[in-house]
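These notes concern the structure reproduced below.
The values are calculated or read from the model by the stated rules, or taken from the named source; none is laboratory data. Because the structure is predicted, anything quoted here is derived from the model rather than measured. Cβ: placed from backbone, ideal geometry, glycine included. Neighbour counts: every protein chain shown.
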Amino acid sequence: MPKPAADLSHLICDIALYDSENAYEKLFKNLFPALYRFCYYLLKSRELAEEVANDVMITLWKNRKKLPEVQNIKVYTFVIARNLCLNFLNKHSKRELIFLEDIDIQIVLDSLNPEQLLINDELKKKLEQATEALPNKCKLVFKLIKEDGLSYKETAAILNISTKTVDAHLVNAVKKLTAVLKVEFNLM
């Protein structure tokens with residue numbers, strides 16, 4: 001679960017003022033998984049995604065004295081990750097170029113017992129199919145907001161689109177996924 005901004009601010013201060021490796025480790029554990037997923041969606045390579053996500057975290061450490069000036073560390077790290085991914089893709093253009101619109105999403109559901117496992121598995125497949133049918137940028141907006149817990153404003157900054165566009169993508173995604181759930185649970 002992502003840490004509240006206040007906790008992240010406290011970690012940033014400890015890193016910037018005291019060069020706290022312990023605080024950096026906590027920040028790393030908080031930010032790295034979402035950065036890795038984001039980079040993986042852009043690069044379609046686990047190794048490259050891990051390398052870029054690590055580079056983002058190294059950049060944070062190298063620039064630790066300037067971190068208190070950053071208003072939103074999550075947006076800051078996602079923008080660095082986006083730029084590093086796009087730079088890599090441009091530099092290695094002989095590989096297939098992947099645009100933000102081509103990014104894939106997966107939904108993960110937890111279950112409790114064997115019966116619930118079966119029900120969740122069927123529901124998960126239907127939701128994944130519905131999510132797969134969403135336009136690619138719509139899928140990415142849905143993931144950033146619902147999975148990574150980012151705000152509309154943060155998502156807009158990361159994707160370089162307006163908050164109204166973010167809202168439109170999210171409304172579209174939720175409508176389509178809700179329709180799948182209504183059919184699944186005979187609520188129509």
Taking segment 164-188 and keeping only residues that are crowded, with 20+ Cβ neighbours inside 10 Å and either modelled with pLDDT under 90 or more than 16 Å from the chain's Cα centre (by Cα) (or both), one is left with Ala173
Name every residue in segment 137-163 that is exposed (fewer than 15 other Cβ atoms within 10 Å of the Cβ) and modelled with pLDDT of 90 or more, in order of residue number. Lys153, Asn160, Ser162, Thr163
Being part of a helix (DSSP H, G or I), more than 22 Å from Leu31 (Cα to Cα) and at pLDDT below 75 narrows Glu96, Glu122, Glu115 down to just Glu115
